[in-house]
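Accompanying notes for the structure given below.
Taken together, the values in this text are just the output of simple stated rules run on the coordinates, not laboratory data. Just so we're clear, the structure is a prediction, and the values are computed from it rather than from any experiment. A quick note on method: Cβ atoms are made from the backbone with ideal geometry, for glycine too, and the neighbour counts reach across all protein chains shown.
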């Protein structure tokens, strides 16, 4: 893995002349991405806005986002890793077998055209979605696209950015990184942070029955997780903090109602490019914020431990 | 009823985190979300500040916040390996508190990213 070549969405707006979306459908999932950050805004080095940019969409089906694209590349499901790896080879003028490329659903000419555009771009960006990261290959796909972006920097400026959903999921990565050194799945049972996806990731922990209590905040796993994981949530004492009585709160031992983030609770949320943005809540909630409740639980726990 | 207008409000529905929304609030609900996309507008108009539920629930029964906090601390205290999970739709200040709590409880903290 070659790290994550990153930039802000402001840099994309002002500089990017090649925008590639891979395994994502911003027209329906991030509706203002095109108009606020990537395609139509007029930037310092993209004074003509849309006319100064080329957009490529790579996906397994023609989503509504294809209408915004100059080039749509339809690949076969589960072939992302092969396409990314072929692109890495073509960019370095390595030989590529046209028959094996054909198995991806694209022709070698299409990939050569894309590779040429990537190398000729002044500033290229690849935004990748769950169509890449949650299908066959998973984190190896993420690794492949980040490596491709890193290697393109031998020719031009190129970055890759995940299209994060779910409000502040980017903040969770960022906060865990600057508090523990790791982005998710961090275990403190030895008194210092340890990181091991598979061992300390939630679904694995629940399915194996490794944890004997769960506190859920800012999520509703009982509505989305696989059944064996939900069964374990029912088995152990579960505490849920949520602005409404959620599916998970209904099966929990303790439920605490909290103010809704950004609606009636203030604070900071990280945008997908890891820029922190302050909230301006418009309403006053009758309930405390998640932050206040977590702090009170921690203080009460600390008092118990001191006894 | 008087309408309060909040300029440059921030939408937390998706990772775009648009911070140019004009919110019009009337009493305990938002009645207008200017500049928001269809997803953001639905998000803002759907949430209210009404008191629809008790402060807390213990074993499904209405309870006070104090009792629920005490019970939560007791559960975490008794656990050998508690898990703190989620962290998606909360502020980064709350996320930091969640990490602090996990450290104190000697547990695991994890987010949607691991799915």
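Mind checking Rg over Rh on the stretch A:9-162, alpha carbons, Kirkwood formula for Rh?
Rounded to two decimals, Rg/Rh equals 0.94.
Need one value for A:195-208: mean number of C-beta atoms belonging to other chains within 10 Å of its residues' C-beta atoms.
3
Would you calculate the convex hull of the Cα atoms in the stretch A:139-252 and tell me its volume per residue in Å³?
Per residue, the Cα convex hull of the stretch A:139-252 comes to 137 Å³.
Once the Cα atoms of helix A:290-306 and of chain A are each reduced to a long axis, what angle between those two axes, in degrees from 0 to 90 to the nearest 10, is obtained?
50 degrees
Sticking with the crude label model, points 7 Å out along Cα→Cβ, report the distance from residue A:196 to residue A:14 in nm, one decimal please.
4.5 nm
Provide the three semi-axes, in whole Å and in decreasing order, of the ellipsoid equivalent to the stretch B:3-46 as defined by the square roots of 5 times the Cα gyration tensor eigenvalues.
The equivalent ellipsoid of the stretch B:3-46 has semi-axes of 16, 11, 7 Å.
For chain A, find the longest principal axis of its Cα atoms and tell me its angle to the long axis of helix A:169-180, 0 to 90°, nearest 10.
70 degrees
How high is the relative contact order of the stretch B:44-115, in percent, counting Cα pairs under 8 Å that sit 6 or more residues apart?
Computed value for the stretch B:44-115: 25 percent relative contact order.
When chain A is treated as a GNM, springs tying every alpha-carbon pair under 10 Å, which of A:70, A:80, A:273 comes out with the largest mean-square fluctuation?
So, out of A:70, A:80, A:273, the one fluctuating most is A:70.
Can you give the Rg/Rh ratio of the stretch A:83-130, where Rg is from the C-alpha atoms and Rh is the Kirkwood radius?
Using only Cα positions, Rg/Rh for the stretch A:83-130 is 0.98.
What does DSSP give for the protein assembly as shown in terms of the percent of beta bridges that are antiparallel, rounded to the nearest 5?
If I count the DSSP bridges inside the protein assembly as shown, around 40 percent turn out antiparallel.
Using Cα pairs closer than 8 Å and at least 6 residues apart in sequence, work out the relative contact order for the stretch B:1-81, in percent.
This gives 17 percent for the stretch B:1-81.
Would you tell me the mean number of C-beta atoms belonging to other protein chains that fall within 10 Å of each C-beta in B:22-31, as a whole number?
3
Starting from the alpha-carbon convex hull of the stretch B:56-114, give the projected area averaged over all orientations, in nm².
For the Cα atoms of the stretch B:56-114, the hull's average projected area reads 4.7 nm².
Considering the Cα trace of chain A, what is its radius of gyration and what is Dmax, both in angstroms?
Looking at chain A, its Cα Rg and Dmax stand at 22.3, 72 Å.
Take every residue in peptide A:23-29, count the Cβ atoms of other chains within 10 Å of its Cβ, and give the average of those counts.
Neighbouring Cβ atoms belonging to other protein chains average 1 per residue here.
Once you put a point 7 Å from the Cα of residue A:119 and another 7 Å from the Cα of residue B:100, both along the Cβ direction, what distance in nm separates them?
With each label point 7 Å from Cα toward Cβ, the separation is 5.3 nm.
Separation of the stretch A:1-79 and the stretch B:95-114 by C-alpha centroid, Å?
34 Å
Rounded to the nearest 5, what % of the DSSP beta bridges within the stretch A:50-201 are antiparallel ones?
Looking only at bridges with both residues in the stretch A:50-201, the antiparallel portion is about 15 percent.
When you count, for each residue, the other Cβ atoms within 10 Å and take the mean per peptide, how do A:141-152, A:192-203, A:173-184 rank with the highest first?
In decreasing order of mean packing, A:141-152, A:192-203, A:173-184 become A:141-152, A:173-184, A:192-203.
Bin by bin, in steps of 5 Å, what percent of the Cα pairs in the stretch A:194-307 do you find, going until the bin that has the longest distance?
Spelled out bin by bin, the stretch A:194-307 gives 2, 11, 16, 18, 18, 18, 12, 4, 0 percent.
Helix A:139-152 versus the longest principal axis of chain A: what angle, 0 to 90°, nearest 10, using Cα atoms?
So the helix axis and the longest Cα principal axis differ by about 50 degrees.
What value, in deg cm²/dmol to 500, does the helix sum -39500 (n - 2.57) over DSSP H runs of n ≥ 4 give at 222 nm once divided by the residues of chain A?
After summing the helix terms and dividing by residue count, I get -10000 deg cm²/dmol.
Normalised by the number of residues in chain A, what is the relative contact order in percent for Cα pairs under 8 Å and 6+ residues apart?
Value for chain A: 14 percent.
What is the extension gain from residue A:107 to residue A:305, computed as 0.36 nm multiplied by their sequence separation minus the C-alpha to C-alpha distance, in nm to one decimal?
My answer for the length gained is 64.9 nm.
Per DSSP helix of 4 or more residues, -39500 (n - 2.57); summed, then divided by the residues of chain B. What does that give at 222 nm, rounded to the nearest 500?
-10000 deg cm²/dmol
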